[in-house]
1. Kindly establish whether residue 58 is within 24 Å of residue 129 (Cα to Cα) and modelled with pLDDT of 90 or more.
2. Just for the range 84-117: of the residues that are small (Gly, Ala, Ser) and under 25 Å from the mean Cα position of the chain (by Cα), which one is farthest from residue 65 (Cα to Cα)?
3. When you look at residue 78, is it exposed (fewer than 11 other Cβ atoms within 10 Å of the Cβ) and not β-branched (Val, Ile, Thr), yes or no?
4. Checking the structure you have, find out if any residue of the range 104-114 is of a type outside the set (A, V, I, L, M, F, W, C) and surrounded by 15 or more Cβ atoms within 10 Å (Cβ to Cβ).
5. With 118, 103, 85 as the choices, which residue is modelled with pLDDT of 95 or more and in a helix (DSSP H, G or I)?
6. Tell me which of these residue 21 doesn't satisfy, since it passes every other one: (1) surrounded by fewer than 11 Cβ atoms within 10 Å (Cβ to Cβ); (2) modelled with pLDDT of 85 or more.
7. Select from the range 121-134 the residues that are part of a helix (DSSP H, G or I) and either in contact (Cβ under 8 Å) with a residue 24 or more places away in the chain or of a type in the set (Lys, Arg) (or both) and write down the one among them that is surrounded by the most Cβ atoms within 10 Å (Cβ to Cβ).
8. Looking only at residues in the range 86-103 that are touching a residue at least 40 places away in the same chain (Cβ under 8 Å) and either under 22 Å from residue 75 (Cβ atoms) or touching a strand residue (DSSP E or B) at 6+ places or on another chain (Cβ under 8 Å) (or both), which one is surrounded by the fewest Cβ atoms within 10 Å (Cβ to Cβ)?
Amino acid sequence: MKQVKYLMLAIFVLGMFGCDSKVKQCNDLIAVINQNQELKNKAGGLSSGKAEPKDIIALADDMDKLKDKIGAVKLKDEKLKGFAKEYQDMLAEVSRIFRDLAKAMESKDPAALEKVSKELGTVQGKESPIVSKINSYCQGK
């Protein structure tokens, strides 16, 4: 009977550390992903029509840096790793589109600008579902 008590205590303690580990990993990942809000604000400031191609490229560079920061978050949880990868892929896609936009702006090619605008519209809807999955998983729902 005494052995069962110790076994239950050990399972409880391991469970607590396991939860803390998931919570910490969630918090670490979310903290880095939240830095994207800063980039969104920066992008919003560029949408006034006064943006230069160099400004768009600088924003793409910032997205690449954020993608790397997300990759540097130490995650052991496989689901969180998957969510982080999805978010990184989305950032890489936005970065590529911004670089294409800068090229289209430089060349003043209306067809290229239209193509890039459509791509940007498509990718804009990708972030919210990823964030929802992360939040749902981290809240344990």
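1. On the way: within 24 Å of residue 129 (Cα to Cα): no; modelled with pLDDT of 90 or more: yes.
When the stated conditions are applied, residue 58 does not pass them.
2. We begin by selecting, within the range 84-117, every residue small (Gly, Ala, Ser); these are 84, 92, 95, 102, 104, 107, 111-112, 117.
Remaining after also requiring under 25 Å from the mean Cα position of the chain (by Cα): 84, 92, 95, 102, 117.
Values: 84: 14, 92: 10, 95: 10, 102: 18, 117: 23 Å.
Once the filter is applied, the top-ranked residue is 117.
3. Values: exposed (fewer than 11 other Cβ atoms within 10 Å of the Cβ): yes; not β-branched (Val, Ile, Thr): yes.
Considered against the rule, which asks whether it is exposed (fewer than 11 other Cβ atoms within 10 Å of the Cβ) and not β-branched (Val, Ile, Thr), residue 78 comes out as yes.
4. Residues of the range 104-114 that are of a type outside the set (A, V, I, L, M, F, W, C), as a first pass: 106-110, 114.
Retained after the next criterion (residues that are surrounded by 15 or more Cβ atoms within 10 Å (Cβ to Cβ)): none.
For the range 104-114, residues of a type outside the set (A, V, I, L, M, F, W, C) and surrounded by 15 or more Cβ atoms within 10 Å (Cβ to Cβ): absent.
5. Details: 118 fails: modelled with pLDDT of 95 or more; 103 fails: modelled with pLDDT of 95 or more.
Every option except 85 fails the conditions.
6. Single failed check for residue 21: (1).
7. We begin by selecting, within the range 121-134, every residue part of a helix (DSSP H, G or I); these are 121-124, 127-134.
Keeping just the survivors that are either in contact (Cβ under 8 Å) with a residue 24 or more places away in the chain or of a type in the set (Lys, Arg) (or both) gives 123, 127, 130-131, 133-134.
Numbers: 123: 15, 127: 17, 130: 19, 131: 16, 133: 15, 134: 21.
Residue satisfying both the conditions and the ranking: 134.
8. Taking the range 86-103 first, the residues touching a residue at least 40 places away in the same chain (Cβ under 8 Å) are 86-87, 90-91, 98-99, 101-103.
Remaining after also requiring either under 22 Å from residue 75 (Cβ atoms) or touching a strand residue (DSSP E or B) at 6+ places or on another chain (Cβ under 8 Å) (or both): 86-87, 90-91.
Numbers: 86: 16, 87: 24, 90: 19, 91: 26.
Here the residue is 86.
The values are calculated or read from the model by the stated rules, or taken from the named source; none is laboratory data. Fair warning: this is a prediction, and the values are worked out from it, not measured in the lab. For neighbour counting, all protein chains shown are included, and Cβ atoms are generated from backbone atoms with ideal geometry for every residue, glycine included.
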